[in-house]
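The values are calculated or read from the model by the stated rules, or taken from the named source; none is laboratory data. What you are looking at is a predicted structure, and each value in this text was computed from that prediction instead of being measured. Every residue, glycine as well, gets a Cβ built from its backbone with ideal geometry; the counts of neighbours run over all protein chains shown.
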Amino acid sequence: MNRKAHELTTEQELRQKLRKIAALFEGATTPGEREAAAAAIQRVRSALSVAERTEKTIEMIFRLPDRWNRRLFTALCRRYGLRPYRYPRQRYSTVVLRAPASFINGTLWPEFLQIKSALDEYLNEATERIIREEVFGNSEEAEEREGTPSDSAGSAVHDLS
């Protein structure tokens, strides 16, 4: 199998895995329901609507310093008709959401964590493969040496955080 075909298969597998995760949280029970994603999402939105009428909504703050996790989380919120926001002077890493706690804790957050895990796995494998094939075959972590950083005269630091 050539490299391009392998990459497509991996992406297709990721997409299929994400659909299965969504189907699990949306209550799909038959193959036909899994194909009808719009109907499944509507069921979750209906359940959310009922929860909003029967229980108090809370304002929950999420700290998501990684922009890709933040984008995933806000997209998942919007998928269910929720409107994530932040207040002036809050960091970009902060996402605030008003919704029933039962929905956040029972559906939204667990689904986010599962999708995040699947994406992390996929992106890690793709990154490792690209580095190994296009940059250098050994992409292991840096070796650990004896001594302390202060032993190195003239050390400089570059920090991406």
Checklist entry - Is at least one residue of region 72-93 touching a Phe, Trp or Tyr at 6+ places or on another chain (Cβ under 9 Å), surrounded by 15 or more Cβ atoms within 10 Å (Cβ to Cβ), polar (S, T, N, Q) and not in a loop (DSSP other than H, G, I, E, B)? => result no
Log entry, pairs with first residue in region 105-123 being more than 24 Å from Ala47 (Cβ to Cβ), second being assigned to a helix (DSSP H, G or I), beta carbons closer than 7 Å, six or more apart or on different chains, reads Leu119/Leu72; Tyr122/Thr10; Tyr122/Leu14
Any chance region 141-148 includes a residue that's within 28 Å of Lys17 (Cβ to Cβ), more than 14 Å from the chain's Cα centre (by Cα) and in a loop (DSSP other than H, G, I, E, B)?
-> yes
Counting only residues that are touching a residue at least 24 places away in the same chain (Cβ under 8 Å), charged (D, E, K, R) and closer than 21 Å to Arg43 by Cβ, region 65-104 contains a total of 1
The one condition Asp66 fails out of (1) modelled with pLDDT under 90; (2) of a type in the set (Asp, Glu); (3) under 24 Å from Arg19 (Cα atoms) is (1)
For region 54-71, the count of residues that are part of a helix (DSSP H, G or I) and within 17 Å of the chain's Cα centre (by Cα) equals 5
Scanning region 79-88 for residues that are at pLDDT 95 or above and of a type in the set (D, E, K, R), the one farthest from Ala51 (Cα to Cα) turns out to be Arg86
